[in-house]
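S.K.: Right, I'll just put the structure down here and ask away after.
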Amino acid sequence: MTSEPSTQDPTIPDALWNSRFLKACRREPVDATPVWLMRQAGRYMTEYRSLRAKVSFLELCKNPELAAETTIFAAETLGVDAAILFADILLILEPLGFGLEFSKGEGPVIHDPIREAAHVAGMMPLEDLSALSYVFDAIRLIRAGLPAGLPLIGFAGAPFTLACYAIEGGGSKNYERAKAFMYGDPGAWNALMTVLTDSTARYLNAQVKAGVQAVQVFDSWVGSLGPDDYRRFVLPHMRRLFDQIDPGVPAIHFGADTGSLLELQRDAGGTVIGLDWRVELDRCWERLGPEVAVQGNLDPVVLFAPLSEIALQTRRILGQAGGRPGHIFNLGHGILPHTPVDHVRALVQMVHEFSAR
Ligand SMILES: Cc1c2[nH]c(c1CCC(=O)O)Cc1[nH]c(c(CCC(=O)O)c1C)Cc1[nH]c(c(CCC(=O)O)c1C)Cc1[nH]c(c(C)c1CCC(=O)O)C2
């Protein structure tokens, strides 16, 4: 069911193996709760915005030196317990044959989206990952530039979330096209999900080979499904994905708005389950049982509140985790673009201070 990276791979240095973050992934006791934040490198930072004034988002992703600098700068400025690769879940769509664009104000646009089953019949799982070599180059540079004991997280989008983008052609409120495709032609849907699953597994394992110590799978839009649809159309693919990921690295399984899917997500796989802020951490951990670690779950909007409120909610979440080994503090979803940086830094300090043992 879950992968258990409990024996140390001889290629992992002690400083990384014994880091707070990796210990928490293994549900081992730590001196203070590890914290990192989804989208910790991004537009809320002035330095990021000045870089983006010079290069487009895709240029930044495809320039290993700049991507590495962005990851390292964010991790060091914030004092977090893990760094995350600077990239995007949608990059894998390009070598799968889709045109990708990030237009101002509109978010991502996928050209030539899937409109019929015949499109899927022509798709093959990625064998050759050389079109994504800039990602692996960035990982090598980041690993070399990070402090020896600071783990690096790689990531990918989950097949459902990627399928939504590939079919809708961009963001969507209700996913009508994606769901109509799923219900209307389950055979073509499963073929598409299989291509995305197998490509993603290879991509994540290649990130591990290049030097990440953990991976996170973002199923950002899967909360739009009810449990029965998740079971029928998504779970078998997610299980196949987690089964293929290198068992030597922890896999974080994140979804947003998945309060009604958590047990199914756990059954699909992952050593750590991500929780958003709509749920209570203690009750969910109870539901998930003792075999998984949990990550979360502060509302990203709380970072706009006064420090006193941030402190109150940080203490509440740490209290709900109850000092039980296996909690990684994070937001319930990514940091928002206008978040005050000083509040983000204060949050990281509070987590460490309030949880020090
Ligand atoms: C759904 C999704 C995407 N990308 C991602 C997800 C899953 C996470 C989630 O659910 O929030 C994942 C992602 N995207 C980015 C990272 C980098 C690592 C990090 O610091 O966490 C990660 C982990 C950079 C980014 N990805 C994007 C930016 C902003 C680009 C810019 O304008 O500079 C960054 C820093 C662009 C992006 N990329 C995507 C969208 C919807 C957008 C536009 C959103 C927006 O405009 O705020 C797709």
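S.K.: Taking F102 as the residue in question, decide whether it is touching a Pro at 6+ places or on another chain (Cβ under 7 Å), open to solvent by 50 Å² or more (accessible area, probe 1.4 Å) and not in a loop (DSSP other than H, G, I, E, B).
M.R.: Judged against the criteria, F102 is a match.
S.K.: Next question. Step by step: first the residues of region 70-91, then only those that are crowded, with 23+ Cβ neighbours inside 10 Å and of a type outside the set (A, V, I, L, M), then the one that is farthest from the ligand (Cβ to nearest atom). Which residue is that?
M.R.: The selected residue is D81.
S.K.: Collect the residues in region 105-118 that are more than 10 Å from the ligand (Cβ to nearest atom), open to solvent by less than 60 Å² (accessible area, probe 1.4 Å) and outside any loop (DSSP other than H, G, I, E, B), keeping them in residue-number order.
M.R.: Answer for region 105-118, where residues must be more than 10 Å from the ligand (Cβ to nearest atom), open to solvent by less than 60 Å² (accessible area, probe 1.4 Å) and outside any loop (DSSP other than H, G, I, E, B): V109, I110, A117.
S.K.: Follow-up. Would you call Q213 at negative phi and touching a Gly at 6+ places or on another chain (Cβ under 7 Å)?
M.R.: no
S.K.: Does region 206-227 include one or more residues that are among the aliphatic types (A, V, I, L, M), at pLDDT 95 or above and out of contact with any Phe, Trp or Tyr (no Cβ under 8 Å at 6 or more places or on another chain)?
M.R.: Yes.
S.K.: Let me ask you something else. Within region 190-201, does at least one residue satisfy the condition of being within 16 Å of the ligand (Cβ to nearest atom), in a helix (DSSP H, G or I) and within 17 Å of E94 (Cα to Cα)?
M.R.: yes
S.K.: Six or more apart or on different chains, Cβ under 6 Å: which pairs go from a residue in region 80-103 that's modelled with pLDDT under 95 to one that's among the β-branched types (V, I, T)? Could you list them?
M.R.: Partner pairs satisfying both residue conditions: S103/V109.
S.K.: If you don't mind, another one. Out of all the residues in region 119-135, which are of a type outside the set (D, E) and either farther than 24 Å from I84 by Cα or more than 16 Å from the ligand (Cβ to nearest atom) (or both)?
M.R.: H119, V120, A121, G122, M123, M124, P125, L126, L129, S130, A131, S133
The values are calculated or read from the model by the stated rules, or taken from the named source; none is laboratory data. Just so we're clear, the structure is a prediction, and the values are computed from it rather than from any experiment. Here Cβ is always computed from backbone atoms with ideal geometry, including for glycine, and neighbour counts include all displayed protein chains. Quick note on the areas: whole protein, heavy atoms, side chains included, nothing else; ligands and nucleic acids left out. Shrake-Rupley method; radii C 1.70, N 1.55, O 1.52, S 1.80 Å.
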